[in-house]
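Trainee: First, the structure itself, so that you have it in front of you.
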Amino acid sequence: MTAAISWLPSGTVYGTLLNFRREFEVWAPRMGEPPYKAPPRAPVLYVKTANTFAPCGAAIAVPEAAEVGATLGLVIGEAEGARGAGGHALVLLNDLSLPHESYYRPALRFRNRDGFLVCGPAIRRMTDVGDLEQLVLDVSVNGLHVQRVELATLVRDAKTLLEDVSEFMTLRPGDVLMLGTDCLEGGLRPRVQAGDRIEIAAPGFAPLTHTVTEETV
């Protein structure tokens, strides 16, 4: 196995909630409810712990149907392949989770199961990717196209998200800031189950592929 195939994060990985307009609009009617009673002013983040990291091509065990979270991760600092590009790079990610109701405080047991962050085979310099607002992620399950994720619909684009997060916390070299995951019409996400094969593709990136298997006790 080559280094490119086995790329995994070397730092902390942060996910971002409510950063696609469709997801934000789905939750907007509930943002005035207790305990917060208002829309969030700063990015809403969560952590994907190291046990979730899985390489491209992995077989991920799930206890039930899981939700696909196709996204891009902003790799901070002097990660391999990012030198000379302002220290930042990009990587395709599948931020898997079990179906759940969450708002502001996602439960770890749904998002942080073993292997629930499948990483693309290689990172790319940000300067090599071009205009991120034009980038589209296509998600296929068993060869059938199930989702189109348009980065033009981000609430905060990559630059703005990084600036806003940096106002209240320091991201260190090797850390990864995910741009967020989009939902389908109605607020649901694509679901997969044991036996499925997932592919996430974007122009200029090697596809991220992996399978899903049944979890055994």
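Trainee: Report the chymotrypsin sites (Phe, Trp or Tyr not before Pro) located in segment 82-183 that are in a DSSP loop and have at most 10 other Cβ atoms inside 10 Å of their Cβ, or state none.
Mentor: Numbers: sites: TYR103, TYR104, PHE110, PHE116, PHE168; in loops: TYR103, TYR104, PHE116, PHE168.
Passing both the DSSP loop test and the Cβ count: PHE168.
Trainee: Let me ask another. Which is the longest part of the chain that has none of the trypsin sites (Lys or Arg not before Pro) sitting in a DSSP loop with at most 10 other Cβ atoms within 10 Å? Don't skip to the answer; put the middle values down first.
Mentor: On the way: sites that count: LYS37, ARG41.
Value returned for the longest uninterrupted segment is 42-217.
Trainee: Restricting attention to segment 1-80, which chymotrypsin sites (Phe, Trp or Tyr not before Pro) occupy a DSSP loop and are surrounded by at most 11 other Cβ atoms within 10 Å? Walk me through the numbers on the way to the answer.
Mentor: Working: sites: TRP7, TYR14, PHE20, PHE24, TRP27, TYR36, TYR46, PHE53; in loops: TRP7, TYR36.
Here no chymotrypsin sites (Phe, Trp or Tyr not before Pro) fit, given the DSSP loop and packing criteria.
Trainee: Using the Karplus curve 6.51 cos²θ - 1.76 cosθ + 1.60 with θ = phi - 60°, work out ³J(HN,Hα) for each residue of segment 147-161 in order, rounded to whole Hz, and write x for Gly and Pro.
Mentor: 7, 10, 9, 9, 5, 5, 9, 5, 5, 10, 5, 4, 5, 5, 4
Trainee: Mind running the shape call on segment 1-55? Use the C-alpha gyration tensor, a ≥ b ≥ c as the square roots of the eigenvalues: rounded below 1.5 for a/c, prolate if a/b tops b/c, oblate otherwise. Can you show the working numbers first?
Mentor: Numbers: a/c = 4.07, a/b = 2.76, b/c = 1.47.
Prolate, since a/c reaches 1.5 and a/b exceeds b/c.
Trainee: Which residues make up the longest stretch of the chain clear of GluC sites (Glu not before Pro) that lie in a DSSP loop with no more than 16 other Cβ atoms within 10 Å, not counting the sites?
Mentor: Numbers: sites that count: GLU64, GLU78, GLU80, GLU101, GLU167, GLU185, GLU215.
That gives 102-166 as the longest site-free run.
Trainee: Between GLY204, GLY87, GLY11, find the one with the highest GNM mean-square fluctuation for the chain; connect C-alpha pairs within less than 10 Å.
Mentor: Result: GLY204 has the largest fluctuation of those listed.
Trainee: For semi-axes √(5λ) of the Cα gyration tensor in Å, the listed values are (i) 24, 19, 17; (ii) 27, 21, 16; (iii) 24, 23, 16; which was obtained by calculation from the structure presented?
Mentor: Looking at semi-axes √(5λ) of the Cα gyration tensor in Å for this model, the match is (iii).
Trainee: Between SER10 and MET169, what's the calculated FRET efficiency when r is the beta-carbon distance and R0 is 25 Å? Round to 0.05. Don't jump to the answer; show the numbers that get you there.
Mentor: Working: r = 18 Å, r/R0 = 0.72.
About 0.90, to the nearest 0.05.
Trainee: Show me, bin by bin at 10 Å from 0, the whole-percent P(r) of segment 170-212 based on Cα pairs.
Mentor: Binned Cα distances yield the sequence 19, 36, 35, 9.
Trainee: Could you check which residue among ALA42, ALA70, ALA59 shows the biggest mean-square fluctuation in a GNM of the chain with a 10 Å Cα cutoff?
Mentor: Sorting by GNM fluctuation, first place goes to ALA42.
Trainee: For the chain, what does the relative contact order come out to in percent, with C-alpha contacts under 8 Å and a separation of six or more?
Mentor: 32
Trainee: Return, for the Cα atoms of segment 124-217, the radius of gyration and Dmax in Å, separated by a comma.
Mentor: 15.8, 45
Trainee: Would you tally the net charge around ALA61, using a Cβ to Cβ cut-off of less than 13 Å, leaving ALA61 out, and scoring K and R as +1, D and E as -1? Don't jump to the answer; show the numbers that get you there.
Mentor: Working: positive: ARG113; negative: GLU64, ASP114, ASP196, GLU214, GLU215.
Taking every Cβ under 13 Å from that of ALA61, the sum is -4.
Trainee: Answer with one residue from ASN94, ILE200, ILE76: the one whose Cα lies farthest towards the positive end of the charge dipole of segment 13-214, charges on Cβ with Lys, Arg +1 and Asp, Glu -1.
Mentor: Projecting each Cα onto the dipole axis, the largest value belongs to ILE76.
Where a number appears in this text, it was derived from the coordinates with a stated rule and is not lab data. Source: prediction; values computed, not measured. With ideal geometry, Cβ positions are generated from the backbone for all residues, glycine too; neighbour counts draw on all protein chains shown.
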